[in-house]
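Q: For reference, the structure I am asking about is given below.
The values are calculated or read from the model by the stated rules, or taken from the named source; none is laboratory data. Predicted model, so just to flag it, every value in this text is computed and none were measured. Counting neighbours? That spans all protein chains shown, and the Cβs are built from the backbone with ideal geometry, glycine included. Note: accessible area is taken over every heavy atom of the protein model, side chains too, but ligands, DNA and RNA are not part of it. Shrake-Rupley method; radii C 1.70, N 1.55, O 1.52, S 1.80 Å.
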Amino acid sequence: MKLTQIVFATLFFSILSTKWTFAQSEAEKWMRNWEARADLERIEDVYIPKDLAEAMSELDRLTDDSMAAVIALAPEGEIASKLHFSLGRWMQLHWGLEEGSRLAAYLRSRGLSFPDDMIDLLIRCWHRHLNGKPTEEEGLITKYQERRRLEHRKRLEKTERIVLPPRDKR
């Protein structure tokens with residue numbers, strides 16, 4: 001082997017291992033940060049509800065009565081869709097649904113892992129709360145989980161499978 005090939009191979013593998021180590025340490029750092037935020041009552045001076053009941057109370061407190069009345073009058077599906085990228089985005093950013101918070105940890109413990117599902121659950125439950133109806137969050141959570149399972153199955157079905165010929169037994 002030529003000296004240039006040896007130098008190239010050494011350089012290639014050292015860069016490859018450095019990138020892999022960096023990616024691994026970044027993931028570990030992100031997870032440690034997520035876990036640390038899961039214990040905080042406030043993040044960047046914003047109160048973080050600890051569960052669904054506190055989230056409903058906090059949304060009540062933060063929302064003007066006249067606006068809450070307008071939200072309550074709208075159909076649930078329509079309001080969930082319309083508020084997803086406004087109020088929902090605010091909740092995602094300020095209540096740490098993606099980066100970690102005690103509310104995100106609570107929702108994960110209930111079986112939700114996608115921030116979009118968490119947002120939809122919070123908006124729909126709040127709409128029901130405003131209308132004096134039971135929130136029925138278990139039914140919503142089951143619906144989100146089933147939808148995610150179906151999406152995963154569909155992705156797997158679209159995946160091209162490679163069938164390898166049997167190995168020769170020599």
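Q: Take the stretch 144-170 and flag every residue that is farther than 30 Å from ASP120 by Cβ and of a type in the set (A, V, I, L, M, F, W, C). Please lay out each step first, then the result.
A: Our first condition is that a residue be farther than 30 Å from ASP120 by Cβ; within the stretch 144-170, this holds for 160-170.
Correct list: ILE162, VAL163, LEU164.
Q: State which residue pairs qualify: first residue under 23 Å from ASP117 (Cα atoms) and inside the stretch 146-170, second residue part of a helix (DSSP H, G or I) and open to solvent by less than 100 Å² (accessible area, probe 1.4 Å) in any location, beta carbons under 8 Å apart, and separation of 6 or more residues or different chains.
A: Correct list of pairs: ARG148/ASP117.
Q: If ALA27 passes every condition in (1) loosely packed, with under 11 Cβ neighbours inside 10 Å; (2) within 17 Å of the chain's Cα centre (by Cα); (3) modelled with pLDDT of 90 or more but one, which one does it miss?
A: (3)
Q: OK, next. I'm checking my understanding of the structure. Among residues of the stretch 30-56 that are in contact (Cβ under 8 Å) with a residue 60 or more places away in the chain and of a type in the set (Asp, Glu), which one is nearest to GLU98 (Cα to Cα)?
A: The extreme case among them is GLU35.
Q: A further question follows. Can you tell me which residues in the stretch 109-132 are open to solvent by 40 Å² or more (accessible area, probe 1.4 Å) and of a type in the set (Gly, Ala, Ser)?
A: Hits for the stretch 109-132 are SER109, SER113, GLY132.
Q: Here's something else I'd like to know. What pairs can you find where one residue is in the stretch 59-75 and of a type in the set (Val, Ile, Thr) and modelled with pLDDT of 95 or more, the other is part of a loop (DSSP other than H, G, I, E, B) and open to solvent by 100 Å² or more (accessible area, probe 1.4 Å), and their Cβ atoms are less than 9 Å apart, with a gap of 6+ or different chains?
A: Between residues of the stretch 59-75 that are of a type in the set (Val, Ile, Thr) and modelled with pLDDT of 95 or more and residues that are part of a loop (DSSP other than H, G, I, E, B) and open to solvent by 100 Å² or more (accessible area, probe 1.4 Å), there is no close pair.
Q: Would you check if GLU98 is under 26 Å from GLU41 (Cβ atoms), without any contact (Cβ under 8 Å) to a residue 60 or more places away in the chain, open to solvent by 90 Å² or more (accessible area, probe 1.4 Å) and out of contact with any Asp or Glu (no Cβ under 9 Å at 6 or more places or on another chain)?
A: The answer is yes for GLU98.
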